[in-house]
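What follows is a set of notes on a single structure, which appears directly below.
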Amino acid sequence: MSKKTLALISGLIVVTILFVALAVTQNKKASVKQTVLANPTPTPFAQSVLTLSPNPATLTNGAGTVNVMLSTAMNEVTAVQLELQYDPKVITNVKVTPGSFFTNPLIFPFNKTDAVNGRVSYSIGIQPSQNALKGEGTVATISFSKVPGTTAGETQLTLLPKSLVSARGVEQSVLKSSQSTTVMLSAVTGQPSAASGDAMMHGGTLPNTQTAPATSPSAR
């Protein structure tokens, strides 16, 4: 075999190796690109926020009210479970009533107020035939009065970590964060009332077109 033929064969082998290496490199780049496209950064499922408003809250003739405000962001909410704590030595006659966020709401039968330990468990949601809700509004209103003779200047009304928000298509609670409030027991002028706190969150509700069952958040 002539030197010219050997050189030609060697050249073909080198070119073949280069093409194979280039093909492998391109395939790796395409695989990485496809992996990135197939696994985009997921959107956090917990986007809802519960807020006790106003903060601080004040009393009128020894009585006060606080609104439980809900902002759902992109969550399609079906129910809310409130777990509240207060000081029974300072606050008494605590009652929770439905707000305007849920229309003709389903009030769960296991709601209770423990006046001895200062705990409130209250769950509310949509009816089975209703659509899940998005938007902002008042879930519930908490009314209470000052214990006669108490010398405390202020006290806390606290949303506990067991508070939950359930949403269509999500098994876990979608509650992102919560904000409690301070109740000023002495007379303070110029502070917003619970009604004005409601007006601050005037977005109302924006129902979607999907129907979701109103299951108790506590089951999650």
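At a glance:
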item: Hits in the range 108-160 - residues which are acidic (Asp, Glu) and under 26 Å from the mean Cα position of the chain (by Cα); result: 114, 136
item: Filter result for the condition that a residue is at pLDDT 95 or above and aliphatic (A, V, I, L, M), over 68, 20; result: 68
item: Wholly within the range 112-196, strands (runs of 3 or more DSSP E) carrying at least 3 residues that are polar (S, T, N, Q) and at pLDDT 95 or above; result: 131-146, 154-159, 175-179
item: Among the candidates 60, 78, residue that is among the β-branched types (Val, Ile, Thr) and over 20 Å from residue 143 (Cα atoms); result: 78
item: Hey, residue 63 surrounded by 10 or more Cβ atoms within 10 Å (Cβ to Cβ), among the small types (Gly, Ala, Ser), modelled with pLDDT under 90 and farther than 25 Å from residue 166 by Cβ or not; result: no
item: Residue count, the range 85-107 (criterion: touching a residue at least 24 places away in the same chain (Cβ under 8 Å), buried (at least 18 other Cβ atoms within 10 Å of the Cβ) and either within 16 Å of the chain's Cα centre (by Cα) or assigned to a loop (DSSP other than H, G, I, E, B) (or both)); result: 5
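The values are calculated or read from the model by the stated rules, or taken from the named source; none is laboratory data. The structure presented is a predicted model; accordingly, all values stated were derived computationally and were not measured. FYI the Cβ positions are ideal-geometry reconstructions off the backbone, even for glycines, and counts take in every protein chain you see.
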